[in-house]
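Take a look at the structure set out below.
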């Protein structure tokens, strides 16, 4: 079995073709993901999201929905699953593949795990066009990706472990950032105190 048997796969929208020109009236505004939004640990960082103004409505299939898997088509080829309500409704640009798994056929979380396996990463690297860090992968590559057809219950167990692992990584990252800010403020406070002769 291959991925296209259990999922629909498409590339995001080419935003340069849809963006309202200087002489066009902006009738629609959309929240737009970009490459910076794809954190390497496998979650969306929405602080980098942008706004796209268009003069025409865009098709709903280009917007993030629950259980979608987005795969960045350039290095580091990050795969992210839409697991939170606040991640829904964002316009996906052509820098990403959108994979929508048929939940009657496979577990989206299991497919996410498959996409993140080292063996899959090696296949991606073997199929990139361009060189090194600038190489890109065609979203059609994912259509032929082999999927081992495990029972759904087994898939769900593997998938849930993957999701829990990623959530833990995100929490640890956030804790590190907060700790860094705290330590910097503490050191600055001690320095100011020493400078004043206290």
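The values are calculated or read from the model by the stated rules, or taken from the named source; none is laboratory data. Quick caveat: nothing in here was measured; it's all calculated off a predicted structure. Glycine gets a Cβ as well: all are built from the backbone with ideal geometry, and neighbour counts include every protein chain shown.
Numbers at a glance
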{"quantity": "Scope segment 97-112; condition at pLDDT 95 or above and either surrounded by fewer than 22 Cβ atoms within 10 Å (Cβ to Cβ) or under 20 Å from residue 57 (Cα atoms) (or both); matching residues", "calculated": "98, 100, 102"}
{"quantity": "Scan of segment 17-42 for residues that are free of Cβ contacts under 8 Å to residues at least 60 places away in the same chain and closer than 13 Å to residue 91 by Cα, ordered by number", "calculated": "18, 19, 28, 29, 37"}
{"quantity": "Test for residue 4: is it more than 18 Å from residue 170 (Cβ to Cβ), in a helix (DSSP H, G or I) and out of contact with any strand residue (DSSP E or B) (no Cβ under 9 Å at 6 or more places or on another chain)", "calculated": "yes"}
{"quantity": "Residue that is surrounded by the fewest Cβ atoms within 10 Å (Cβ to Cβ), among those in segment 58-87 that are part of a helix (DSSP H, G or I) and in contact with a strand residue (DSSP E or B) (Cβ under 9 Å, 6 or more places away or on another chain)", "calculated": "86"}
{"quantity": "Test: residue in segment 144-159 that is in contact with a strand residue (DSSP E or B) (Cβ under 8 Å, 6 or more places away or on another chain) and part of a strand (DSSP E or B)", "calculated": "yes"}
{"quantity": "Filter pass, residue 105 being in a loop (DSSP other than H, G, I, E, B) and touching a residue at least 60 places away in the same chain (Cβ under 8 Å)", "calculated": "yes"}
{"quantity": "Options 163, 158, 190: the member that is at pLDDT below 90 and in contact with a helix residue (DSSP H, G or I) (Cβ under 8 Å, 6 or more places away or on another chain)", "calculated": "163"}
{"quantity": "Criterion violated by residue 25 - all others in (1) surrounded by fewer than 19 Cβ atoms within 10 Å (Cβ to Cβ); (2) under 17 Å from the mean Cα position of the chain (by Cα) satisfied", "calculated": "(2)"}
{"quantity": "Any hit, segment 124-131, residues being modelled with pLDDT of 85 or more, surrounded by fewer than 18 Cβ atoms within 10 Å (Cβ to Cβ), under 20 Å from the mean Cα position of the chain (by Cα) and assigned to a helix (DSSP H, G or I)", "calculated": "yes"}
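Each row is one residue, and each column tells you yes or no for (1) more than 21 Å from residue 77 (Cβ to Cβ); (2) without any contact (Cβ under 8 Å) to a residue 12 or more places away in the chain; (3) exposed (fewer than 15 other Cβ atoms within 10 Å of the Cβ); (4) within 21 Å of the chain's Cα centre (by Cα).
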| residue | (1), (2), (3), (4) |
| --- | --- |
| 145 | no, no, no, yes |
| 164 | yes, yes, yes, yes |
| 172 | yes, yes, yes, yes |
| 181 | yes, yes, yes, no |
| 186 | yes, yes, yes, no |
| 190 | yes, yes, yes, no |
